[in-house]
Structures are given as C-alpha cells and as structure tokens.
Amino acid sequence: SVLAAFAISVHSIHGKEVGFLFTSVCCMGVVFLVISSIFAIGIRNPGGFLFFFVCLGSLVIFAGTSFRSLIQRQVPEEMLGRVFGFVSSVGNISIPLAILLSGMLLEYLRLDVVLAACGLLLIPLALGSWRLYQRNPA
C-alpha cells in the first residue's frame, strides 16, 4: 500500500482519475476471483496469496486516491468540507457493517464462495458505473 501511494504520487493521474477509479475497482473484482480460485483448489500456504493481497492493497490505494481527486476537481470549493465529511462518514460506517456482513456470510458459506461472489459483484458494478459516468459526467 505504501509503495502504491508513493507510485501514484510520483506519476500524476491528473485527468485520468475516472479511468483509474473504475479500472482499479474492476481489477479488485478480478483479484477476488483469483484468490477464491486459489483457495478453492486447496492452496492454504500464505505465500500463495501474498502477491494477490499486495495487488489488492495497491488497487485500494489507486481507487481511493482517484476518488478523492475526482471529488476535489468536481465539487465547488465552498462545498468540499461537507462533501468530504459525508464521504468519510459513509466510509467509516461501512467498514464495521462490512465486517459484520462478511462474518455472518462466513458462518454459512465457504470463504472461496464469498470471495467469488464479491468479485462477481464488483466487476459488473464497476463496468456499469463507468458506463453511467461516461454518459453523465459530473
């Protein structure tokens, strides 16, 4: 994550935030599918997952940075504090809810199934959101 943050600060994404955001989220879905496949075939060695978790952490940094950059570019200056406050609140509320939901799902479903479902939801969600954004850019 630290290396990804450094890389994104060195190489400007100015003007490419939308592509970075939606591509990163779509790639997160692909990584979830890969991790679920590795788990499903019986690999349990943490080393087998390490590269993919590094990729996932990097993609989270890319998506988050792109999202914040888009907000800064598209929201009027006098509204930035309110918008960032709202976004932070939603993000802070969603983390414990996601932990709760994933814990409940893992009581009834195998880990590989939950990861595959997340991946299969993220990919079309990212692609569909990208299409909607392209039709109606802010």
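The values are calculated or read from the model by the stated rules, or taken from the named source; none is laboratory data. Remember, it's a predicted structure, so these values are computed and weren't measured experimentally. Cβ placement follows ideal geometry from the backbone for every residue including glycine, while neighbour counts extend to all protein chains displayed. Accessible surface is based on the protein model in full, side chains and every heavy atom, while ligands, DNA and RNA are left aside. Shrake-Rupley method; radii C 1.70, N 1.55, O 1.52, S 1.80 Å.
Listing for the model above:
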item: Residue check, SER1 hydroxyl-bearing (Ser, Thr, Tyr) and at pLDDT below 90; result: yes
item: Criterion (of a type in the set (Val, Ile, Thr) and modelled with pLDDT under 95) met by exactly one of ILE123, ILE95; result: ILE95
item: Candidate set: the range 79-116, residues that are closer than 24 Å to ILE41 by Cα and of a type in the set (Val, Ile, Thr); chosen: the one most open to solvent (accessible area, probe 1.4 Å); result: VAL113
item: Verdict on SER37 being among the polar types (S, T, N, Q), surrounded by 12 or more Cβ atoms within 10 Å (Cβ to Cβ) and farther than 29 Å from HIS11 by Cβ; result: yes
item: Test set (1) of a type outside the set (S, T, N, Q); (2) more than 24 Å from ALA7 (Cβ to Cβ); (3) modelled with pLDDT of 95 or more - VAL30 fails condition number; result: (2)
item: Qualifying residue in the range 7-17 (condition: open to solvent by 50 Å² or more (accessible area, probe 1.4 Å) and at pLDDT 90 or above); result: no
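Residue-by-condition table, conditions (1) under 17 Å from ALA126 (Cα atoms); (2) surrounded by 14 or more Cβ atoms within 10 Å (Cβ to Cβ); (3) touching a helix residue (DSSP H, G or I) at 6+ places or on another chain (Cβ under 6 Å):
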residue	(1), (2), (3)
GLY19	yes, no, no
THR23	yes, yes, no
CYS27	yes, yes, yes
VAL30	yes, yes, no
LEU33	yes, yes, yes
GLY42	no, no, no
ASN45	no, no, no
PHE53	no, no, no
